[in-house]
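The values are calculated or read from the model by the stated rules, or taken from the named source; none is laboratory data. Quick caveat, the model's predicted, so the values are computed rather than measured. A quick note on method: Cβ atoms are made from the backbone with ideal geometry, for glycine too, and the neighbour counts reach across all protein chains shown.
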Amino acid sequence: MINEMIEKRRSENAELRKAINTILKDGNTFLDKHLKELDISSYNYDIHLAVEELGLDESLIEQLIEDYIIQILKSKLSFYDYIQELKQAQLDGIDLNFKPIRDLAHKNLGVARNLRIEDAQKLLTVLLKDDDLDYMRVCAKALEITAIKLNPLCAYETLKLIQVKNSL
């Protein structure tokens, strides 16, 4: 029984690692294909800019970035859920209430601005202002990609915790 649990965990971890590697490998292609106008595929975060502008220690900024990654990866499911709810309301002919998704984007945008994460700022601004639900969904996926690119190990650990929590 224990061996079965260990083997199952290994295969789940392998699947998650594979998914992250695929995102890292294909992420820029996705960004170029769907969001060329935002010009974010070649963006590389410069922690030194945040250190200099905020006057904080680099290790503190690194911890704040990890917190940001956790926040974004937790928020991605809410973004998708809100967009799906809006699509359903649109199909049902109900007035669309963008407030929940705008509030979540605004919360995340504040953190991205403080940490000087420019690609996330662009994506969150779209989620804050745009009404095209398909484009918003692409931006939510791009936000996930950009968060994973910041620190793949932190992203892996976060996604693993989310996976474990959701299986309980």
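Given the residues I47, I69, I117, I61, which is the only one that is in contact with a Cys (Cβ under 7 Å, 6 or more places away or on another chain), β-branched (V, I, T) and under 23 Å from C154 (Cβ atoms)?
Values: I47 fails: in contact with a Cys (Cβ under 7 Å, 6 or more places away or on another chain); I117 fails: in contact with a Cys (Cβ under 7 Å, 6 or more places away or on another chain); I61 fails: in contact with a Cys (Cβ under 7 Å, 6 or more places away or on another chain).
Residue meeting the stated conditions: I69.
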Starting from residues that are small (G, A, S) and surrounded by fewer than 12 Cβ atoms within 10 Å (Cβ to Cβ), keep the ones in region 25-73 and report whichever is modelled with the lowest pLDDT. S42
Quick one: in region 147-168, of everything that is within 13 Å of S75 (Cβ to Cβ) and among the β-branched types (V, I, T), which residue is surrounded by the fewest Cβ atoms within 10 Å (Cβ to Cβ)? I162
Looking only at residues in region 88-140 that are of a type in the set (A, V, I, L, M, F, W, C) and out of contact with any helix residue (DSSP H, G or I) (no Cβ under 8 Å at 6 or more places or on another chain), which one is surrounded by the most Cβ atoms within 10 Å (Cβ to Cβ)? A89
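Just need a number here: residues in region 66-125 that are at positive phi and among the polar types (S, T, N, Q). Don't jump to the end; show me each part of the working.
In the first step, residues of region 66-125 are kept if they are at positive phi; the result is 93, 116.
Now restrict to residues that are among the polar types (S, T, N, Q): none.
The number of residues fulfilling the criteria is 0.
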I need the full set of residues from region 74-90 which are over 20 Å from K129 (Cβ atoms) and at pLDDT below 95, in order please. K74, L77
Tell me which residues, restricted to region 40-61, are part of a helix (DSSP H, G or I) and either without any contact (Cβ under 8 Å) to a residue 24 or more places away in the chain or of a type outside the set (D, E, K, R) (or both). I47, H48, L49, A50, V51, E52, L54, E58, S59, L60, I61
Tell me, which helices (runs of 4 or more DSSP H) wholly within region 100-168 include 1 or more residues that are of a type outside the set (F, W, Y), closer than 23 Å to Q88 by Cα and free of Cβ contacts under 8 Å to residues at least 40 places away in the same chain? 118-129, 133-150
